[in-house]
Amino acid sequence: MFRSERKTLKLFKFKKEEENIELDMERIPKHIAIIMDGNGRWAKARKLPRTMGHRAGMKTIKTIVREAGELGVGYLTLYAFSTENWKRPSEEVSALMDLVVEFIDKELNELHENGVILNSIGDISKLPEKARKSIEAAKRKTKNNKGLTLNIALNYGGRDEIVKGVKEIASLVSEGKLKIEDINEKEISNHLYTKNMPDPDMIIRPSGELRVSNYLLWQSAYSEFWFSNINWPDFQAKDLRNAIADYQKRNRRFGGV
C-alpha cells in the first residue's frame, strides 16, 4: 500500500545501516518536487545507451511514488521532459515518449488501486498522439481518487508557464473581465499549471547539478532545496527519507525573523 499507518505516528525511526533516520510524521512536506536528473550519467558510467538510463530511471519513479505515498506526502511533482529537451537527438526523444506510455500502461492500475491521482503539468498538446491520449486517459481514470497527487511535468518550462499565465491574464483584462488593480499573486497562481496546489515545500535534485533548470520558477520562491550526487536511477527510498529528515531540521521563515 502507498499509504501506511505509520504516518499517524508522531515520530518514526528508519534504520539505515548503522544510522537511524528519524522523521516527524506530522511535519512531512505536503509537496515534494524532483528534478529527475542523472539518467544519462548513470548509463554512460555503465557504457550503456542513454535510453537504458531513462528506463532505469522509470523504475525509480515507482519506488519513490510508493515511498512518498506511504509517508503521507500530498503532492509529488516529477520533472520528466522539459521544453528544452526537444533539442535532444530525435531517437532519445522518441524513446522518452515511448517510456511515458509504457509507464502508464504498466503502473496505472496499481496507482489507481492505491488512490493515486495521476496529473500532468506542461503543454501536452505538443506530445505525440499516443503519449497524449495515454496521459489524458490516465487523468480521467484517477481524477476522483483521494490519495497522493502525482504530477508528471511533460513539455514543461517555468518561463513558458509564466508566459502562458500572463497571456491569459492579459486576455481577461482586454475583455474587461479582470481589472489591472485586481492582479495579485493569487491571480497569477490561478493561471499556472499548479492551480489549487500548494507550492513545493522541497525540491530535490540528484546527479550533482546545482541549478533549477527552468523548473517551477514561480512556485519555488520559498522552497527548500536538497541536492545530491546520486544519479536518479540509483535514488532509493532511503534517499527520499534522508532528504525529508534534512528538510525537517531547517527553519522556514518565509522572509520573517
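Say each of Lys47 and Asn190 gets a label point 7 Å from the Cα, pointing the same way as Cα to Cβ; how far apart are those two points in nm?
For Lys47 paired with Asn190, the spin-label model returns 5.9 nm.
For region 135-235, state which GluC sites (Glu not before Pro) are in a DSSP loop and have at most 10 other beta carbons lying within 10 Å of their beta carbon.
Here the sparse-neighbourhood loop sites are Glu175.
With each label point set 7 Å from Cα along the Cα-Cβ vector, what nm distance links Lys106 and Ile162?
According to this spin-label approximation, the distance is 3.7 nm.
Can you give the three extents of the C-alpha atoms in the chain along their principal axes, from longest to shortest, in whole Å?
63, 50, 36
Can you give the FRET efficiency for Ala137 and Ser94, using 1/(1 + (r/R0)^6), R0 = 22 Å, r = Cβ-Cβ distance, to the nearest 0.05?
The calculated FRET efficiency here is 0.60.
Over 13 Å, how big is the tail of the calculated P(r) for region 181-224, in percent of all Cα pairs?
60
Just want the answer: with Cβ charges of +1 for Lys and Arg and -1 for Asp and Glu, which residue in Leu99, Ser171, Trp218 is farthest toward the dipole's positive end in the chain?
Checked the options; the winner is Leu99.
Taking the Cα centre of region 78-233 as origin, sum charge times position over the Cβ atoms of Lys and Arg (+1) and Asp and Glu (-1), and report the length of that vector in debye to the nearest 20.
320
Among Tyr156, Ser189, Thr142, flag the residue with its Cα farthest along the positive direction of the charge dipole of region 130-198, charges on Cβ as +1 for Lys/Arg and -1 for Asp/Glu.
So the residue we want is Thr142.
Would you kindly state how much longer the chain becomes between Lys126 and Ala245 on full extension, computed as 0.36 nm times their sequence separation minus their alpha carbon distance, in nm to one decimal?
Extending this stretch completely gives an extra 39.0 nm.
Counting only trypsin sites (Lys or Arg not before Pro) that are in a DSSP loop and have at most 13 other C-beta atoms within 10 Å, tell me the longest site-free stretch of the chain.
48-142
Whole Å is fine, so just give me how far the alpha carbon centre of region 154-178 lies from that of region 52-79.
Region 154-178 and region 52-79 have Cα centres spaced 30 Å from each other.
Could you work out [θ]222 nm for the chain from helices alone, using -39500 (n - 2.57) per DSSP H run of at least four and dividing by all its residues? Round to the nearest 500 deg cm²/dmol.
Computed ellipticity for the chain at 222 nm equals -13000 deg cm²/dmol.
List, largest first, the extents of the alpha carbons of region 77-221 along their principal axes, each in whole Å.
So the three principal-axis extents are 48, 36, 31 Å.
Of Lys62/Lys133; Lys133/Lys177; Lys62/Lys141; Lys141/Lys177, which sit over 25 Å apart, Cα to Cα?
Beyond 25 Å between Cα atoms: Lys133/Lys177; Lys141/Lys177.
Starting from the Cα of Gln236, step 7 Å along the direction of its Cβ; do the same at Lys62; then give the gap between the two resulting points in nm.
Simple spin-label model gives 1.8 nm for this pair.
Read the figures in this text as sums done on the coordinates, not as results from a lab. Bear in mind that the values here come from a model prediction, so they are computed numbers and not experimental data. We place every Cβ from the backbone using ideal geometry, glycine too, and count neighbours over all the protein chains shown.
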